[in-house]
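The values are calculated or read from the model by the stated rules, or taken from the named source; none is laboratory data. Because the structure is a prediction, the values reported are computed rather than measured. Heads up, the Cβs are rebuilt from the backbone with ideal geometry, glycines too, and the neighbour counts pull from every protein chain shown. Note: accessible area is taken over every heavy atom of the protein model, side chains too, but ligands, DNA and RNA are not part of it. Shrake-Rupley method; radii C 1.70, N 1.55, O 1.52, S 1.80 Å.
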Amino acid sequence: MRTLLLLALFAVAAWAAPDTSDLISQESNVEYNGKYHYHYELADGSKATQDGLLKTVNAEHDGEAVHGKYSFVSDDGQTYVVSYTADENGYHAVGDHLPTPPPTPLSVLKTLEYLKLHPYNPPEKQN
């Protein structure tokens, strides 16, 4: 019975395992101090590379700083590439196909400059 159960578990695991036959190359490295690197490339043209490290954000928090790049070939035959960084300031992706925000209107820039030069000082409380 035990052998049958092990055989069944092995069959399910083999059936559920992802198909890695399209994997061309793969590398990964994790160091004791939290630094890491990975890279893979697939037969369909997809690639990904990422490097990261642990860092101290402030006295109470540690975090990660990550940068990487991935690319893929779309159904239209074009290769799309995205480079990114991720850290305590958020996730920032860059790619020729990604939309960019419009320029900040001049009126908003003037308002921000005015607020910087004239910060708000709350009135003093009277008892």
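Taking the criterion of being among the aliphatic types (A, V, I, L, M) and modelled with pLDDT under 85, the residues of segment 13-35 that qualify are A13, A14, A16, A17.
Only residues that are part of a loop (DSSP other than H, G, I, E, B) and either over 30 Å from D76 (Cβ atoms) or open to solvent by 90 Å² or more (accessible area, probe 1.4 Å) (or both) were counted in segment 21-43, giving 6. Could we say that G68 is surrounded by 13 or more Cβ atoms within 10 Å (Cβ to Cβ) and outside any helix (DSSP H, G or I) here? In short, yes.
The set of residues from segment 72-88 being open to solvent by 50 Å² or more (accessible area, probe 1.4 Å) and hydrophobic (A, V, I, L, M, F, W, C) comprises F72, V73, V81. Considering segment 44-55, the residues that are closer than 29 Å to G77 by Cβ and open to solvent by 50 Å² or more (accessible area, probe 1.4 Å) include one that is modelled with the highest pLDDT, namely K47. Residue count for segment 95-127, restricted to those that are under 19 Å from the mean Cα position of the chain (by Cα) and open to solvent by less than 100 Å² (accessible area, probe 1.4 Å): 3.
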